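Reading through the structure tokens given below for one structure.
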Amino acid sequence: MLQISKIRENKEFIIERLAVKNFDGKKTIDEILEIDSKRRKTQNELDALLNESNVIAKQVGELFKAGKQFEANELKAKTVLLKEHSKKLEEELCLLENDQHTLLVQLPNTPSVLVPKGKTPADNETVHEEGEIKKLYEGAIPHWELTSKYDIIDFEMGVKLTGAGFPVYKNKGAKLQRALINYFLDKASAAGYIEVQPPILVNEASGYGTGQLPDKEGQMYYVGIDNLYLIPTAEVPITNMYRDVIVKEADFPIKNCGYTPCFRREAGSYGKDVRGLNRLHQFDKVEIVQIQHPDKSYETLENMREFVASILRELELPFRILKLCGGDMSFGSALTYDMETYSAAQEKWLEVSSVSNFETFQSNRLKLRFKGKDGKTQLAHTLNGSALALPRIVATLLENNQTPEGIVIPKVLVPYTKFEIIN
RNA sequence: GGUGAGGUGCCUGAGAGGCCGAAAGGAACAGUUUGCUAAACUGUCGUACGGGUAACUGUACCGCGGGUUCGAAUCCCGCCCUCACCGCCA
């Protein structure tokens, strides 16, 4: 959520920035500011009224103490009107606050000045490309065929147990999952991220804090009987650990990582993009989260991006890094890098990580602040990224590393899988 | 699921209608002292939203929402949450 104070100060600039996300915010912002001035006026009136009541209440108390019943009662009578009036104002103020908030949460985050203009994924800017795109041998097949050929993932069984998008990993497929998770977590720990194992169900306040609620509740699985949501990403519980917290400036950067299953309803998606492991309702992911000083968050974003790149490099996967254009960015992000690996059998790039700086967009909702050197509390910046999401990594690994003899495990993973080939 | 206790600031914890935005201690921060560490002493030490160039100032907030009252952290009602014990259980 954008800060109202910032909107007041930089209205034109914000409208201009939102346009980069192809969001026309002029009408909403005008309305917000109109409500805002009404709100402030109302609060002023109300405060003055309440002040008067407080003064009278004090006087009444003193008069009673002095035994001056008559004068006291006279004053008491005065408060009746005040009370009626202030009650009315209070209701008005509450309405105005609600209206303002309703509009405020509709505004996406302003993209950073570094964000390229554009409408579709085609307008994303490739900022880095690395690794050799191998030609596969004759007879190479996509991963959804490899998985049944080697009996490592059973999609049918998942359908039987739950439904489409809930695969069952088996044999070396299950071990590969476990190996990747451990490998990712070890890498993150080595890079200074504190490992956490958070709950995978969260309450409403947490969903609100990171921005899934109130708008995107359709994306999450909801356990109505207990009013809890299954997390779509570990970002939700991990970032919410810092909800309503004032951290110490000296603690920056705060770095956490965590593995969790992730659950996404993905309502409305279909077709070949969702085939096999390309899009699932349940998948595994290691997430990295940082909380950083506003002056350093972009430096941190680059670090995180490079950290993810280093993993892809070690896995010997060809990858590219895209700086997302305004039109392809998520609602809350100020700058996002997508990391994609090239899947040789599908002959396309698959998104395996997304690293974003949210600036104060999340922390404003979370009330995640720090006390600066000047003694003032201000909002911290939050960043997160996948490091990494498993399914598409698995898909790419299987496809790119297939040989007539079997699927070769990258060297760096062998200590984790304890086997070198899936055959 | 049953029963009981309780939610107060960064933490512990007092406060039981007005003198309470809230004692005391601890933590933290700044300073003095100090060869270093420690200790001691002094000071600072809630948040949000307003008004003001500023010093400063108004209001609200003691889990949440309502009520009683001139006046509520304190009394009443509803809700939420936490803890303990019992039952069930990985």
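The values are calculated or read from the model by the stated rules, or taken from the named source; none is laboratory data. For clarity, every value in this text was computed on a predicted model and none was experimentally measured. Cβ atoms come from the backbone with ideal geometry, glycine included; neighbour counts cover every protein chain shown. Please note that ligands, DNA and RNA were not included when accessible areas were found on the heavy atoms of the full protein model with its side chains. Shrake-Rupley method; radii C 1.70, N 1.55, O 1.52, S 1.80 Å.
Annotations for the structure displayed:
- Between A:242, A:137, A:150, the residue with the greatest mean-square fluctuation in the GNM of chain A (Cα pairs under 10 Å linked by springs) is A:137.
- Taking a ≥ b ≥ c as the square roots of the eigenvalues of the alpha carbon gyration tensor, segment A:1-108 is prolate, as a/c is not under 1.5 and a/b beats b/c.
- Taking a ≥ b ≥ c as the square roots of the eigenvalues of the Cα gyration tensor, an a/c ratio of 1.5 or more together with a/b no larger than b/c marks segment A:239-319 as oblate.
- Think of a 1.4 Å ball rolled over the protein heavy atoms: chain A then has 50 Å² of accessible area per residue.
- Contact order normalised by residue count of segment A:1-118, Cα under 8 Å, 6+ apart, percent: 48 percent
- Solvent-free Debye scattering, log10 I(q)/I(0), computed from the Cα coordinates of segment A:275-423 at q = 0.11, 0.13, 0.15, 0.18 Å⁻¹: -0.51, -0.66, -0.82, -1.05
- For the residues A:387, A:334, A:174, a GNM of chain A with alpha-carbon springs under 10 Å puts the largest fluctuation on A:174.
- Mean Cα-pair separation over length for segment A:291-374, i.e. relative contact order, pairs under 8 Å, 6 or more apart, %: 25 percent
- Per-peptide packing, taken as the mean over residues of other Cβ atoms within 10 Å, places A:55-67, A:6-18 in the sequence A:6-18, A:55-67 from highest down.
- Rough spin-label spacing in nm, given labels placed 7 Å along Cα→Cβ, for residue A:113 and residue A:22: 2.5 nm
- Within the accessible surface of segment A:299-393, defined with a 1.4 Å probe on protein heavy atoms only, the carbon and sulfur portion equals 40 percent.
- Segment A:186-343 shape via C-alpha gyration tensor axes, a/c threshold 1.5: oblate
- Taking every DSSP bridge with both residues inside chain A, close to 90 percent are antiparallel.
- Globularity ratio of segment A:342-385, using Cα Rg and 2.2 N^0.38 Å: 1.91
- Mean Cα-pair separation over length for chain A, i.e. relative contact order, pairs under 8 Å, 6 or more apart, %: 20 percent
- Net length gained if the chain between residue A:161 and residue A:250 were fully extended (0.36 nm per residue, minus Cα distance): 27.1 nm
- One chain, two ends: residue A:373 and residue A:412. Fully extended at 0.36 nm per residue, the span grows by 9.7 nm beyond their Cα-Cα distance.
- Span-like helix ranges in chain A, DSSP H, alpha carbon extent 20 angstrom or more, Kyte mean at least -0.5: A:171-190, A:297-314
- Volume per residue of the convex hull around the Cα atoms, evaluated for chain A, comes out as 176 Å³.
- Given R0 = 51 Å, the distance between the Cβ atoms of residue A:310 and residue A:38 translates into a calculated FRET efficiency of 0.45.
- Note on chain A: with a GNM built from Cα contacts shorter than 10 Å, the maximum mean-square fluctuation among A:375, A:258, A:163 falls on A:375.
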